[in-house]
Amino acid sequence: MKLRLLLSLFFLPCASLVSAQNFEQRIDSVMRLMTLDEKIGQMNQFNGFWNATGPVPAEGNSLERYEILRKGGVGSVLNVQGVKEVRALQKIAVEQTRLGIPLIFGCDVIHGYKTLTPIPLAEAASWDLQAIEKSARNGATEASAAGINWTFAPMVDISRDPRWGRVMEGAGEDPYLGARIATARVRGFQGDDLSAPNTIAACAKHFAGYGYVQAGRDYHHTDFSAYTLYNNILPPFKAAQEAGVATFMNAFTAYNGVPASADSFLMRQILKKDWAFKGMVVSDWGSIQEMMAHGYAASLQEAAELAALAGCDMDMESMAYVRHLADAVRQKRVPEARVNEAVRRILRLKFALGLFDDPYRYCDEEREATTIGSATLHKDALEMAKKSMVLLENKGILPLQLNEDVVLLGALANDRTAPLGNWRVSADNGTAIPLTTGLQAYFPDLRWAGGPVAWSGIEAFHAPIQVNETDTTGWAGAMALALSAKTAIVALGEHGYQSGEGRSRASIHLPGLQEAFLRALVQQHPRVVLVLFAGRPLIIPDDIRTKLGALLLAWQPGTHAGDAVAAVLLGDHNPSGRLPMTFPRHEGQIPMAYNDYTGGRPGPSKEVFWSQYNDLPNSPVYPFGYGLSYSTFTYSVPKLQQLPNGKVVLSVEITNTSQVAGTETVQLYAKLPASKHGISPGRQLLDFQQLPLAAGATKKVVFMLTPGSLAHFDAQGQKHLAKGKVTAWLVPNSADVANSLTFVID
Ligand code: GLC
């Protein structure tokens with residue numbers, strides 16, 4: 001019986017929720033048919049390397065890869081987009097290779113596929129876990145309709161350094177918020193059934209510690225303690241694993257002198273042994289090969305062996321496994337058992353995705369045509385964009401009135417590309433709704449002027465943004481327009497490609513001429529509303545910030561940038577966003593986070609020998625958890641009740657004292673007791689609840705703390721429950737110290 005016919009037995013349709021036992025038996029059956037080279041082929045991932053619907057590549061790199069594919073040397077492909085392309089490549093794998101094992105198609109569906117939601121850091125600012133889950137669900141729906149069955153998301157790296165461009169991709173500085181959001185995103189992408197055609201495998205990345213790159217410089221060295229690893233870096237990864245995330249991805253960086261792709265402590269000890277993770281670990285792009293640049297491996301062959309031994313199951317774009325692993329096994333430098341384990345994990349994912357039952361499950365041209373860009377996706381993307389925005393200043397100017405005399409200016413006023421954000425995958429330049437369009441829905445005769453251009457040149461994932469530092473063309477005209485109106489709305493900030501991978505900035509001020517332009521504007525105009533587009537916390541100097549009439553942080557809102565901003569400016573959405581990351585006063589304060597350890601001499605102090613700067617306050621401009629609303633909320637004196645079983649009930653009453661319905665995010669922070677197992681932050685987020693409140697309404701919010709939620713890890717990863725005096729706060733942001741509660745845990 002031809003092998004492919006034999007293997008076709010595994011393609012038999014079966015219940016999508018195939019039991020794990022079936023998978024293992026079916027995996028065993030497939031593996032018994034595989035040669036060593038075919039096994040290693042499953043461990044190899046190539047970038048989409050040619051237009052598969054076109055002729056076979058004539059020569060060169062693509063031809064080599066095509067031949068490797070046909071020999072069964074590829075297990076997965078990334079960045080292939082569209083059912084036609086996916087089907088063509090899958091057809092080669094299924095019909096032209098000896099065993100016909102289907103490919104997995106991966107892609108960075110980070111904040112949408114073609115209908116872009118706000119960047120993940122912006123979505124985190126919504127603190128709305130249901131909306132965040134729905135956003136991921138929609139990304140999966142749209143991407144799977146285009147043939148994708150694996151996303152390299154959620155990125156769950158904790159970072160306290162806004163100079164690092166990839167803060168846009170995560171959920172900010174806090175491990176608790178990061179863990180809750182990681183869970184929501186995994187659930188959104190994967191749904192309840194990975195084999196369903198509208199769900200995709202998720203990937204917790206980058207394991208682990210990439211967000212701690214020194215000086216915020218991408219791909220730079222990291223140096224953090226095991227104590228930080230267990231208490232700050234791992235919690236979101238653990239949450240993703242507990243949510244059932246299908247895959248993990250290595251970090252580019254090293255921990256304790258070991259590059260993550262070779263780190264058996266992270267992959268074999270923590271992930272696969274302690275956490276009993278049964279999914280698959282993929283390297284990051286070329287990260288196996290980069291062991292040589294790290295000075296860890298002397299050759300690609302050695303890197304391949306180190307990665308395979310450490311538990312890296314799939315090689316993204318190093319060609320290390322496909323070139324060197326078979327020899328390593330044959331020469332007994334790598335046990336075949338390591339290969340078998342990796343292949344088992346990869347095949348398990350393919351079975352779970354239903355690809356063995358139907359390799360073309362995600363290749364439905366009709367579904368592609370009716371799903372991508374659907375009205376539902378657009379509606380939800382707009383809602384998410386509104387919820388992500390954070391009102392940072394408002395001197396009674398917002399919301400604007402319809403009869404208000406306003407003009408719009410600024411480099412981003414009519415920009416249809418910059419606000420899309422960095423990971424835009426299949427979205428085309430020019431597809432964002434600009435602020436001009438958004439505001440024209442309210443002010444049909446809106447007058448606007450861009451002022452000096454912010455950048456020029458190519459706007460692409462792989463191209464640097466050319467920032468304008470000199471050309472003031474348009475400055476005078478925009479200034480004159482501003483002075484002709486009562487209120488000047490000015491849209492400034494970063495291009496989506498000024499944050500994201502490879503986009504670190506040493507200065508996090510407004511790029512180019514924008515800061516000078518804004519300074520001139522606020523010096524001449526008393527009612528300036530700044531709409532700030534950014535992929536990270538930015539610094540607006542005090543001499544400008546204090547003159548602003550209002551400041552709305554729009555982040556990079558995605559496809560519905562302009563209509564979302566306009567809805568917030570005009571009060572059709574009462575801003576509810578809260579900062580997931582601290583806004584520093586100066587780069588000199590960085591890294592900084594609300595949950596910093598206090599040290600032995602916590603500043604500031606009027607005396608000299610305390611932890612402080614001589615030239616700057618310790619405090620940020622805007623703290624973690626901060627955000628204003630058009631409503632005003634008051635908090636009652638909180639109450640506390642300790643239950644016999646060690647649980648603690650805390651409650652507070654919130655009143656909306658305004659005339660406008662709004663949503664308050666009540667945050668529960670605590671200072672844990674002294675512990676010989678390790679120091680603790682000055683305060684840390686333990687829980688939060690979002691509270692929609694009608695005008696004048698009062699609601700009670702109740703939190704329950706269990707002994708397990710009052711715990712921390714020691715440097716060996718052992719969890720220790722708090723014993724002693726705990727101080728707690730139920731407050732609107734991390735800097736608010738009103739009405740603390742204290743209780744003792746015996
Ligand atoms: C990139 C990123 C990673 C991404 C991968 C595939 O270099 O570091 O997050 O998923 O390559 O695009």
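The values are calculated or read from the model by the stated rules, or taken from the named source; none is laboratory data. These figures come from a predicted structure and were not determined experimentally. Note that each Cβ is placed from the backbone with ideal geometry, even for glycine, and that neighbours are counted across all protein chains shown. These area figures cover heavy atoms from the full protein model, side chains too; ligands, DNA and RNA do not enter into them. Shrake-Rupley method; radii C 1.70, N 1.55, O 1.52, S 1.80 Å.
Values for this structure:
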quantity: Whichever residue in segment 100-122 is over 27 Å from the mean Cα position of the chain (by Cα) and open to solvent by less than 10 Å² (accessible area, probe 1.4 Å) and, among such residues, is nearest to Asn149 (Cα to Cα); calculated: Pro102
quantity: Matching residues in segment 68-84 - criterion: being part of a loop (DSSP other than H, G, I, E, B), away from the ligand (no atom under 16 Å from the Cβ) and open to solvent by 60 Å² or more (accessible area, probe 1.4 Å); calculated: Lys71
quantity: Any hit, segment 127-142, residues being at negative phi, away from the ligand (no atom under 16 Å from the Cβ), in a loop (DSSP other than H, G, I, E, B) and buried (at least 24 other Cβ atoms within 10 Å of the Cβ); calculated: no
quantity: Within segment 193-208, considering residues that are within 16 Å of the ligand (Cβ to nearest atom) and in a loop (DSSP other than H, G, I, E, B), the one surrounded by the most Cβ atoms within 10 Å (Cβ to Cβ); calculated: Ile200
quantity: Test: residue in segment 282-290 that is farther than 19 Å from Tyr176 by Cα, among the aliphatic types (A, V, I, L, M) and within 14 Å of the ligand (Cβ to nearest atom); calculated: yes
quantity: Whichever residue in segment 41-64 is away from the ligand (no atom under 16 Å from the Cβ) and open to solvent by less than 20 Å² (accessible area, probe 1.4 Å) and, among such residues, is farthest from the chain's Cα centre (by Cα); calculated: Pro57
quantity: Qualifying positions in segment 220-229 - open to solvent by 10 Å² or more (accessible area, probe 1.4 Å), among the hydroxyl-bearing types (Ser, Thr, Tyr) and either in a helix (DSSP H, G or I) or without any contact (Cβ under 8 Å) to a residue 60 or more places away in the chain (or both); calculated: Tyr227, Thr228
quantity: Enumeration of residues in segment 144-172 that are away from the ligand (no atom under 15 Å from the Cβ), in a helix (DSSP H, G or I) and not polar (S, T, N, Q); calculated: Ala145
quantity: Candidate set: segment 238-281, residues that are over 19 Å from the mean Cα position of the chain (by Cα) and in a loop (DSSP other than H, G, I, E, B); chosen: the one farthest from the ligand (Cβ to nearest atom); calculated: Ala276
quantity: Residues of segment 306-352 satisfying the condition of being part of a loop (DSSP other than H, G, I, E, B), buried (at least 23 other Cβ atoms within 10 Å of the Cβ) and in contact (Cβ under 8 Å) with a residue 60 or more places away in the chain; calculated: Cys312, Asp313
quantity: In segment 364-376, the residues that are in a helix (DSSP H, G or I) and surrounded by fewer than 21 Cβ atoms within 10 Å (Cβ to Cβ); calculated: Glu365, Glu366, Arg367, Glu368, Ala369, Thr370, Ala375, Thr376
quantity: Every residue from segment 85-126 that is within 16 Å of the ligand (Cβ to nearest atom), of a type in the set (A, V, I, L, M, F, W, C) and in a helix (DSSP H, G or I); calculated: Leu121
quantity: Residue tally, condition open to solvent by less than 10 Å² (accessible area, probe 1.4 Å) and of a type in the set (D, E, K, R), over segment 552-610; calculated: 1
quantity: Filtered residue count, segment 455-493, keeping only those that are surrounded by 14 or more Cβ atoms within 10 Å (Cβ to Cβ), among the hydrophobic types (A, V, I, L, M, F, W, C) and under 26 Å from the mean Cα position of the chain (by Cα); calculated: 6
quantity: Candidates Ser499, Ser507, filtered to the one that is of a type in the set (Ser, Thr, Tyr) and open to solvent by less than 10 Å² (accessible area, probe 1.4 Å); calculated: Ser499
quantity: In segment 209-219, residue nearest to Leu349 (Cα to Cα) [restricted to those that are in contact (Cβ under 8 Å) with a residue 40 or more places away in the chain and more than 14 Å from the ligand (Cβ to nearest atom)]; calculated: Tyr212
quantity: Total residues in segment 698-737, condition open to solvent by 50 Å² or more (accessible area, probe 1.4 Å), within 30 Å of Ala661 (Cα to Cα) and not polar (S, T, N, Q); calculated: 6
quantity: Qualifying residue in segment 627-645 (condition: more than 29 Å from Glu664 (Cβ to Cβ), open to solvent by 40 Å² or more (accessible area, probe 1.4 Å) and among the polar types (S, T, N, Q)); calculated: yes
quantity: Criterion violated by Gly244 - all others in (1) open to solvent by 10 Å² or more (accessible area, probe 1.4 Å); (2) on the phi < 0 side of the Ramachandran plot satisfied; calculated: (2)
quantity: Some residue of segment 178-192 being open to solvent by 10 Å² or more (accessible area, probe 1.4 Å), part of a loop (DSSP other than H, G, I, E, B), out of contact with any Gly (no Cβ under 9 Å at 6 or more places or on another chain) and more than 12 Å from the ligand (Cβ to nearest atom); calculated: yes
quantity: Among (1) in contact with a Gly (Cβ under 9 Å, 6 or more places away or on another chain); (2) assigned to a helix (DSSP H, G or I); (3) of a type in the set (D, E, K, R), the one test that Arg361 misses; calculated: (2)
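Residues are listed down the side, and each one gets a yes or a no for (1) open to solvent by 10 Å² or more (accessible area, probe 1.4 Å); (2) of a type outside the set (A, V, I, L, M, F, W, C); (3) modelled with pLDDT of 95 or more:
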| site | (1), (2), (3) |
| --- | --- |
| Gly216 | no, yes, yes |
| Phe248 | no, no, yes |
| Pro259 | no, yes, yes |
| Ser264 | yes, yes, yes |
| His294 | yes, yes, yes |
